[in-house]
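Derivation of every value follows stated rules applied to the coordinates shown; laboratory data play no part. Just so we're clear, the structure is a prediction, and the values are computed from it rather than from any experiment. Note that we place each Cβ from the backbone using ideal geometry, even for glycine, and neighbour counts take in every protein chain shown.
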Amino acid sequence: MPALNNAPPLYRGRFAPSPTGPLHFGSLIAAVGSFLDARARGGEWLLRMEDIDAPRCSMAAAEDILRTLEIFGLVWDDAVVWQHQRQAAYADALAQLQKNMQVFPCACTRRELADSLLAADGAVIYPGTCRLGIPEGKKAQAWRLRVGQASMSTAPIVFEDAIQGRIKSDLSRDAGDFIVRRADGVFAYQLAVVVDDAAAGITHVVRGTDLLLSTPRQIFLQQCLGLPAPLYAHLPVAVNEAGEKLSKQTLATPLDVTRPVPALISALALLGQKPPAELADASLDELWMWAICHWRLENVPRQRVLPAPLMA
Ligand code: GLU
């Protein structure tokens, strides 16, 4: 749905899967929620393959995800953006941060940081070892963003999440100086996502609450790089019976491409959209028509909920 008169779109959303395996019910929630929020508001919905972490990603998984999205009727606008083709843009962003002294090289190994405090999402809260320079005899491995430095605002990052409400984070306490380029040379997810969302003109980011704690880091990076901040909405994530997030790590079952309608009905139910029983007999087109007409972001629950019996 291109914007009229070349005016910037009022709504440009995206879905950004990491092709580390097939789509499962957990990733379907993010795809469906971001797709419906965009389409219900006449917006665009773009697709970005987050294949930056080459050793964990594969072209076969990416192709499988694209095929599954098509079978599910999740049709995207424009060409797919592939992160592996965007290295130059990430390098430019890092160069800008280096020029402005907003990053510092870090020589700490994983083992040296093993006893550090952890952020709520499991990331290491950097103890600051290399902040003022690399200890003698050690070699720089990674680049970290300096958070809460004197030249930048030390005020907490505050944003209004359309589902989760007001979120406030003191980055020095909650995240610490975080990595923007890893020791193996791979640009970090946080940097790539901010650069890519800005380059694509994304206005709305709708994704799972598993990324809620990344958002203050990303907003801080946007401030450092002088990039606009999109609006955010974090969807509930699907969990298994043990209360674990459905993911490749928890061995979530891949979506059944022969039966997209029941999976989509379960996704709509988890997103609080109350699909009527008759939808079970609907075609894919009818289902999407109902879902786009009836999408209400305000009905999406905040809490983590178990997926409907689909998983049984
Ligand atoms: N690639 C990330 C994931 O699959 C999502 C990134 C995002 O939506 O910002 O978890």
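A few notes on this one:
- Placing one equal scatterer on every Cα of the chain and applying the Debye formula, the log10 ratio I(q)/I(0) at q = 0.10, 0.15 Å⁻¹ is -0.59, -1.27.
- Test item: Cα-centred dipole of the chain, Lys/Arg +1 and Asp/Glu -1 on Cβ, debye: 980 debye
- Fraction in percent of alpha-carbon pairs per bin - 10 Å, region 50-137: 13, 25, 32, 20, 10, 1
- A simple spin-label model places the labels of residue 112 and residue 244 3.2 nm from each other, with each point 7 Å out along Cα-to-Cβ.
- Mean ellipticity per residue at 222 nm, deg cm²/dmol - from DSSP H runs of n ≥ 4 across the chain, formula -39500 (n - 2.57): -9000 deg cm²/dmol
- Globularity index of region 222-291 is 1.50 (Cα radius of gyration / 2.2 N^0.38 Å, N = number of residues).
- Rh (Kirkwood; distinct C-alpha pairs) - region 1-116, Å: 16.7 Å
- Cα long-axis angle, helix 87-99 against the chain (0 to 90 degrees, to the nearest 10): 40 degrees
- 0 to 90° range, to nearest 10: angle between helix 284-294 axis and the chain longest Cα axis: 70 degrees
- Label-point separation, residue 85 to residue 120 (7 Å along Cα→Cβ), nm: 3.7 nm
- Take 239-247, 90-98 and order them by the average number of nearby Cβ atoms within 10 Å per residue, most first; the result is 90-98, 239-247.
- Whichever aspartates and glutamates have a C-alpha closer than 20 Å to that of residue 138, once near sequence neighbours (fewer than 8 apart) are set aside: 112, 115, 177, 184
- For the chain, the longest principal axis of the Cα atoms and the long axis of helix 260-270 meet at an angle of about 60 degrees.
- Of all beta bridges that DSSP places with both ends in the chain, some 55 percent have antiparallel geometry.
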